[in-house]
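Notes for the one structure printed next.
The values are calculated or read from the model by the stated rules, or taken from the named source; none is laboratory data. Predicted model only: the values in this text are computed from it and were never measured. Neighbour counts are summed over all protein chains in view; Cβ atoms, including those assigned to glycine, are modelled from backbone coordinates with ideal geometry.
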Amino acid sequence: MNIDNRPFIKWFGYSRRERRSTFILLIILLIIILLRYVVPPKDIKLEELSELMASDEGRKDSLLSLTTQTTYLYKFDPNSVSYDTLTAMGLSEKQARTIVSYREKGGIFRRPADIKKIYGIDETTSARLIPYINIEKDKIRPVHFQAGINSDQKKTKRINLNSADSAELERLPGLGPVLSSRIIKYRKLLGGFVSAEQLKEVYGLHEETYKLLEDRVFADSSDLTRININSAGFKELSKHPYLTRYDIQSIIKFKELKGKISDIGELVENKVLSEVKAKRMTPYLEF
């Protein structure tokens, strides 16, 4: 069948060459239309698009930082400032509670630098707060609450770490239920405190807290629970926090070879315990 005899070809009157040219032209037009939707306009380069996107993200970050800042600092007296005011100035809830708890237990801020004594207040935070601390001197209680109290009478008010219960410990500055419970548990493991400085060994009790306690507590070591090293087995010895597994195995092996241990010096001479370890363990051993 001849193509020229087809009805629609006769109608339009296109030759073979004209049909081919028209088809190519339609394809070119279609490509141009598609490119308009795929390729960015000439006046905006890809680099400029990246910069616009980056600047937009920067504005979002700046707005976020402005909306999350809570550092409204102004003059305050730590002896009377409220919990809500402390949190409004940027302190965490835990830091604010610690400051309020310290006051409730009798603690007093006598100078701006005393804020450093508070557990949880680091150097950066204290440096930010100190310039705004304004202590009203006339409202500070005197050091001696009653006239005529002498140093001997003050000493009698100190708490014996080896007999204090949790309620007595919780009344001390810087101590709450958790630390008081840990002190009592550690006291039981040791067999009693020989010195108040052993409080530093209690998990979570930091140097700042110890400084608040050192003048308020003492350790009466007259009633320590001692371990008879010649009769104690591995289980009993392993309960003491100062003895490692290696120490205990060395002691037991030495007892098997020697028989009875006469004194702590014998353990040091035979290198069963180091001098430092022997010094720490002496109050807790009997022979």
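Restricting the stretch 65-88 to residues that are surrounded by fewer than 10 Cβ atoms within 10 Å (Cβ to Cβ) and in a helix (DSSP H, G or I) leaves a set whose member that is modelled with the highest pLDDT is Asp84. Counting only helices (runs of 4 or more DSSP H) that sit wholly inside the stretch 135-221, those with at least 2 residues that are outside the structural domain of Met281 (by TED's automatic domain parsing) and at pLDDT 85 or above are 166-170, 177-190, 207-213. For the stretch 193-204, the condition of being within 30 Å of Val178 (Cα to Cα) and in contact with a strand residue (DSSP E or B) (Cβ under 8 Å, 6 or more places away or on another chain) holds for at least one residue.
When the test is whether a residue is at pLDDT 85 or above, within 22 Å of Val217 (Cα to Cα), among the charged types (D, E, K, R) and surrounded by 12 or more Cβ atoms within 10 Å (Cβ to Cβ), Asp114 passes it.
For residues that are touching a residue at least 60 places away in the same chain (Cβ under 8 Å) and either under 19 Å from Ser101 (Cα atoms) or not hydrophobic (A, V, I, L, M, F, W, C) (or both), tally how many sit in the stretch 176-191.
2
Evaluate the following for Ser231: is it among the polar types (S, T, N, Q), out of contact with any strand residue (DSSP E or B) (no Cβ under 7 Å at 6 or more places or on another chain) and loosely packed, with under 13 Cβ neighbours inside 10 Å?
On the way: among the polar types (S, T, N, Q): yes; out of contact with any strand residue (DSSP E or B) (no Cβ under 7 Å at 6 or more places or on another chain): yes; loosely packed, with under 13 Cβ neighbours inside 10 Å: yes.
The answer is yes for Ser231.
When every residue of the stretch 264-277 is checked against the conditions, at least one turns out to be under 35 Å from the mean Cα position of the chain (by Cα), assigned to a loop (DSSP other than H, G, I, E, B) and free of Cβ contacts under 8 Å to residues at least 12 places away in the same chain. Taking the criterion of being out of contact with any Leu (no Cβ under 9 Å at 6 or more places or on another chain) and within 16 Å of Pro173 (Cβ to Cβ), the only residue of the stretch 75-93 that qualifies is Asn79.
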